[in-house]
1. Of the conditions (1) modelled with pLDDT of 95 or more; (2) exposed (fewer than 15 other Cβ atoms within 10 Å of the Cβ), Ser106 clears all except one; give me its number.
2. When only residues in the stretch 97-150 that are aliphatic (A, V, I, L, M) and not in a helix (DSSP H, G or I) count, which is farthest from Phe85 (Cα to Cα)?
3. Do we have Phe92 as open to solvent by less than 20 Å² (accessible area, probe 1.4 Å), farther than 30 Å from Lys207 by Cβ and in contact (Cβ under 8 Å) with a residue 24 or more places away in the chain here?
4. Can you tell me which of (1) open to solvent by less than 20 Å² (accessible area, probe 1.4 Å); (2) in a helix (DSSP H, G or I) is the one Ile86 doesn't meet?
5. Taking Ala47 as meeting all but one of (1) free of Cβ contacts under 8 Å to residues at least 24 places away in the same chain; (2) outside any helix (DSSP H, G or I), write down the number of the exception.
6. Assuming Ala190 fulfils every condition listed in (1) modelled with pLDDT of 95 or more; (2) over 19 Å from Ser41 (Cβ atoms); (3) open to solvent by less than 60 Å² (accessible area, probe 1.4 Å) apart from one, which condition is it?
7. With (1) within 17 Å of Cys105 (Cβ to Cβ); (2) in a loop (DSSP other than H, G, I, E, B); (3) open to solvent by 60 Å² or more (accessible area, probe 1.4 Å) as the list, and Asp175 as the residue in question, which single condition is left unmet?
8. Take Arg127 and decide whether it is open to solvent by 70 Å² or more (accessible area, probe 1.4 Å) and modelled with pLDDT under 95.
Amino acid sequence: MKRREFLWSGSALGLTLLPIPAFAQEATAALMEPGPLPEQSFGSADAPVTVIEYASLTCGHCRNFHLTTWPALKEKYVDTGRVRFIIREFPFDPRASAGFMLARCSGEDNWYDTLDLLYRSQEQWARASDATGALKSIMGMTGMSGDEVESCLTDQALLDKITAVAETGKKLGVDSTPTFFVNGKPYKGAMTIEQFSEILDPLLAAK
């Protein structure tokens, strides 16, 4: 299967506020434009604040965010209707691309459960000598057969769409994961719930 090598390096170790470009309005419009894949979003579409995360499944900081910060963020802001949270693919290596493909192939209803499983089992497949074999074993827990895994991983059209999502992110200034856009304003790093609150609470108070 053709794999595109992403040359972007790993995640930022700390939170960094990125500079806002002069074409901020145009960039925000491009950011909110739907890509070639259905958006994977949580929360109300009418929420006053939208957070978009660009993530990679082989990224340790992304894993840490989703296992530690995301549950609290979801409970405090998303489930209460105040924040809409969108996750977009930004794989920086072929194994991350494969994981995102399998999450998409698992179906809309199982997408996040599969993503969560892949984050939790990251050590088992992201660095395994036989990545395909490891992914087949892990995806077997979701009911996906080995043949279905093979079929998914050779779906060039799906890989191209995931690549297109990442390329759009790159044009918007994403060069490491996780990168978050909060109402169009970019931040780097696996933020804690306290750091998110410092950003979100003033925005929500102003609504």
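1. Result: Ser106 passes all but (2).
2. My answer is Ala128.
3. no
4. It is condition (2) that Ile86 fails.
5. Checking Ala47 against (1) free of Cβ contacts under 8 Å to residues at least 24 places away in the same chain; (2) outside any helix (DSSP H, G or I), the one that fails is (1).
6. Unmet for Ala190, out of (1) modelled with pLDDT of 95 or more; (2) over 19 Å from Ser41 (Cβ atoms); (3) open to solvent by less than 60 Å² (accessible area, probe 1.4 Å): (1).
7. (1)
8. yes
The values are calculated or read from the model by the stated rules, or taken from the named source; none is laboratory data. Because the structure is a prediction, the values reported are computed rather than measured. Here the Cβ is made from the backbone with ideal geometry for all residues, glycine too, and neighbour counts use every protein chain on show. Note: accessible area is taken over every heavy atom of the protein model, side chains too, but ligands, DNA and RNA are not part of it. Shrake-Rupley method; radii C 1.70, N 1.55, O 1.52, S 1.80 Å.
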